[in-house]
Amino acid sequence: MANAITIDSVHAALEALRARRPLVQNITNYVAMTVSANALLALGASPAMVHAVEEVEDFVAISDALAVNIGTLSPPWVEAMCIAVKRANALGKPWVLDPVGCGATAYRTQVAGELAGLKPSVIRGNASEIMSLAGQVGAGGKGVDSTAPAEYATSAAAALAQRAGCIVAITGETDYVSDGEALIAVHAGHALMPLSTALGCSLSAVTAAFAAVRSPREAAVAALAVFGAAGSVAAERCRGPGHLPAEICDALHAMDGATLAAHARLSE
Amino acid sequence: MANAITIDSVHAALEALRARRPLVQNITNYVAMTVSANALLALGASPAMVHAVEEVEDFVAISDALAVNIGTLSPPWVEAMCIAVKRANALGKPWVLDPVGCGATAYRTQVAGELAGLKPSVIRGNASEIMSLAGQVGAGGKGVDSTAPAEYATSAAAALAQRAGCIVAITGETDYVSDGEALIAVHAGHALMPLSTALGCSLSAVTAAFAAVRSPREAAVAALAVFGAAGSVAAERCRGPGHLPAEICDALHAMDGATLAAHARLSE
Amino acid sequence: MANAITIDSVHAALEALRARRPLVQNITNYVAMTVSANALLALGASPAMVHAVEEVEDFVAISDALAVNIGTLSPPWVEAMCIAVKRANALGKPWVLDPVGCGATAYRTQVAGELAGLKPSVIRGNASEIMSLAGQVGAGGKGVDSTAPAEYATSAAAALAQRAGCIVAITGETDYVSDGEALIAVHAGHALMPLSTALGCSLSAVTAAFAAVRSPREAAVAALAVFGAAGSVAAERCRGPGHLPAEICDALHAMDGATLAAHARLSE
């Protein structure tokens with residue numbers, strides 16, 4: 001590990017992101033598009049949702065990072081995803097895979113596996129998705145929500161990180177980032193978050209934004225810490241899940257070093 | 001009628017739903033996806049938006065109920081809807097049809113009629129849509145909003161319920177549930193609700209969630225009462241329609257027997 | 001200029017819109033659908049999102065205006081856009097073009113140019129988009145956000161207005177409306193607005209609603225003034241961008257002459 005990742009280095013990554021204002025291309029699901037775009041804008045990035053095969057390669061060329069999410073996949077979108085990630089790889093641009101619902105159907109699992117084989121910088125999923133993607137069948141996923149705690153998936157994450165040659169982030173009550181060997185735990189977030197849709201998808205988009213200014217491993221940790229801290233701040237202002245996405249955007253927009261330190265903690 | 005449907009039985013249905021946490025598959029329109037997913041999560045269900053023909057049958061097999069909504073229909077989506085509902089029928093799983101904008105165009109009316117012929121458990125629409133679907137042409141629908149009060153559609157609802165062999169729910173200032181013979185009126189909701197998009201669509205998704213734990217008739221009444229009560233609680237916290245979806249999610253999340261009894265009333 | 005456009009005439013246009021409750025058809029991007037529908041409802045219009053080639057012509061026939069937005073374009077949607085605008089022209093119905101991201105890719109620029117050639121009533125974009133669409137290459141657009149102030153695009157707007165035979169609206173810190181000769185500046189809005197997605201797209205939909213009751217030029221000015229004033233009122237109630245769309249809907253719903261006069265100003 002070149003430099004230790006700390007809350008201070010995460011804050012520096014956030015400042016670097018805001019200074020760079022990276023253009024993040026998203027090929028994502030219909031449910032998450034608006035929430036993800038708003039999270040990226042509030043964070044300080046510039047989002048774009050572009051999926052037509054007629055233009056994805058051109059758009060990758062002007063983007064700083066790419067987020068690919070299979071939540072509402074269908075063949076034309078999968079084709080666009082494959083074209084875009086190959087172009088991102090050819091141009092040396094980072095890209096993040098969110099394998100939504102991997103394990104729920106054969107088609108979804110096959111597409112997720114195919115994309116995982118195309119050298120993502122980071123894979124971000126819940127425990128069920130990561131275990132399924134790592135080939136650990138019978139992981140007990142329920143649709144797109146996870147039924148297993150993140151802890152159960154840490155060895156699967158390490159195996160997947162080694163096999164895919166990338167960073168793997170698992171989200172749950174505690175979040176984990178594996179590079180195949182070392183494991184970093186990120187303590188942040190709030191129990192209300194799984195009750196609001198598209199927050200995991202938005203976190204994947206935020207991970208792509210950080211990957212434009214930091215290594216995949218630092219980006220994964222930074223995204224989990226910043227987004228989790230924002231979720232924690234936001235939940236304190238909510239009586240239920242309804243206003244959580246809006247409050248998270250406000251908290252991302254206002255995030256500073258002190259708030260980050262108060263609401264996120266890293267451990268190895 | 002086996003058991004009378006009362007506010008108490010509706011509350012019991014809500015508790016049963018929360019205990020079961022049903023997985024509800026949605027093949028719905030682009031506008032309503034995020035709002036519907038959030039309403040289902042806040043209610044206590046687990047939503048999934050899955051529409052590719054490559055996986056809809058597999059997903060129906062792991063779902064507890066299915067909601068089909070033609071709001072932004074196109075041929076590939078209609079194909080997926082037909083495949084999914086046939087699979088749901090084969091597996092004995094309940095499904096709800098929301099015939100958005102039926103009557104507005106020939107294509108929409110034809111697709112709605114085709115789906116209505118595939119044995120839905122519940123059809124939920126506004127007065128114009130139900131009258132159009134029942135074959136009463138010239139019902140005066142205006143795009144996707146209704147121009148007729150729900151009362152005008154009760155005989156059309158009864159005819160449609162008999163013809164389609166299902167429960168028909170009409171929403172308006174007062175809501176009605178017909179099984180082809182008996183009619184139950186649900187008094188709940190608020191005048192601000194038609195000024196916020198996708199709430200009717202979300203109600204149809206909520207109806208599917210209840211159909212996972214109750215008969216179609218009980219499910220339709222329970223969904224109208226719980227969602228309407230949530231809308232009424234939510235509107236009291238709003239100065240306009242902007243925050244209504246978020247407030248409805250908070251109200252669904254916090255809904256209890258006393259609040260339900262205070263904000264919803266049934267009559268025959 | 002037949003009649004001067006003033007804040008009073010804008011307010012009269014808003015009252016006319018509310019009295020007419022125009023049905024506005026949208027063929028728009030996935031990100032903006034929900035926000036646009038809510039803005040139209042809050043304003044007093046009736047929105048519909050309809051894009052299947054099987055029904056777009058029928059729907060145009062019952063609509064009062066059409067908004068076309070290429071944000072997440074793909075060939076089937078572009079085909080529907082072309083069919084719909086030709087039908088709108090044949091029936092003498094106004095339509096608004098939002099050339100999202102024009103200049104970012106060759107495909108997007110070509111489609112925007114093709115649509116601009118089909119006699120829109122109003123084209124509404126940011127400075128980068130308008131300069132690109134006017135053929136001024138090298139305008140420095142960054143994805144879908146603009147990197148140039150609106151002032152830089154006023155001559156491009158005039159050229160585009162003359163070439164396309166329509167009204168061109170440029171949005172930025174100050175907004176401008178050109179008919180090819182005269183230029184009206186609209187001073188309204190708030191710096192938070194670019195940090196919330198789909199507000200520009202929603203403004204284009206609102207422009208279409210006004211075009212149902214006023215000339216394209218009056219409609220463009222009225223939409224900018226009313227939406228900008230709503231954004232200004234809304235931003236005062238926000239600590240960040242998260243609640244801005246909801247607050248804008250509340251402000252649109254409550255907009256009156258005094259609020260409009262206090263938050264929007266016109267100059268030539």
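Mind checking which aspartates and glutamates have their C-alpha under 15 Å from C:Lys119, skipping anything on the same chain fewer than 8 residues away?
Within the straight-line limit of under 15 Å, C:Lys119 reaches these aspartates and glutamates: C:Asp98, C:Asp179.
What FRET efficiency do you get for A:Ile83 and B:Glu151 if R0 is 45 Å and r is their Cβ-Cβ distance, rounded to the nearest 0.05?
It comes out at approximately 0.25.
Please state, rounded to one decimal and in Å, the Kirkwood hydrodynamic radius that chain B gives when every pair of distinct Cα atoms enters the mean of 1/r.
17.7
Taking all pairs of distinct Cα atoms, average 1/r, flip it, and tell me the Kirkwood hydrodynamic radius of the protein assembly as shown in Å to one decimal place.
Roughly 26.3 Å, rounded to one decimal.
Enumerate by residue number the trypsin sites (Lys or Arg not before Pro) in region A:157-257 meeting two conditions: DSSP loop (anything except H, G, I, E, B), and at most 15 other Cβ atoms within 10 Å of the site's Cβ. All intermediate terms of the calculation are to be shown ahead of the outcome.
Details: sites: A:Arg163, A:Arg214, A:Arg217, A:Arg237, A:Arg239; in loops: A:Arg214, A:Arg237, A:Arg239.
Filter output for region A:157-257: A:Arg237, A:Arg239.
Going 7 Å from the Cα of B:Lys119 in the Cα-to-Cβ direction, what parts of region B:161-204 have a backbone nitrogen less than 19 Å from that spot?
Flagged as within label range: B:161-168, B:179-180.
State, as an integer percentage, the relative contact order of chain B based on alpha-carbon contacts under 8 Å between residues 6 or more apart.
Working: 589 pairs, mean separation 56.0, N = 268.
In percent, rounded to a whole number, it is 21.
Scanning chain C for helices, which whole DSSP H stretches are 24 Å or more long along the axis (Cα) and average 0.0 or more by Kyte-Doolittle?
C:216-236
With every atom except the alpha carbons ignored, what do you get for Rg and Dmax of region C:130-268, in angstroms?
Cα-based Rg and Dmax for region C:130-268 come out at 14.7, 43 Å.
Over what distance in Å are the Cα centres of region A:22-46 and region C:167-204 separated?
A separation of 22 Å, based on Cα centres.
Calculate how many DSSP beta bridges within the protein assembly as shown are antiparallel, expressed in % of all such bridges and rounded to the nearest 5. Could you put the intermediate results ahead of the total?
Numbers: 33 of 90 bridges.
If I count the DSSP bridges inside the protein assembly as shown, around 35 percent turn out antiparallel.
If you restrict to DSSP beta bridges whose two residues both lie in region B:7-267, what percentage is antiparallel, to the nearest 5?
Beta bridges within region B:7-267, antiparallel portion: roughly 35 percent.
Label-point separation (nm) for B:Glu181 and A:Glu173, each offset 7 Å from Cα along Cα-to-Cβ?
Computed distance between label sites B:Glu181 and A:Glu173 equals 5.1 nm.
Quick check on chain B: helices-only [θ] at 222 nm, where DSSP H runs of length 4 and up contribute -39,500 (n - 2.57) each and the sum goes over total residues. Nearest 500, please. Write out the running numbers ahead of the final one.
On the way: 11 runs with 129 residues, N = 268.
Per the formula, -15000 deg cm²/dmol.
Where a number appears in this text, it was derived from the coordinates with a stated rule and is not lab data. Everything numeric in this text was worked out from a predicted model, so none of it was measured. Using ideal geometry, Cβ is built from the backbone for each residue, glycine included, and neighbour counts are taken over all protein chains shown.
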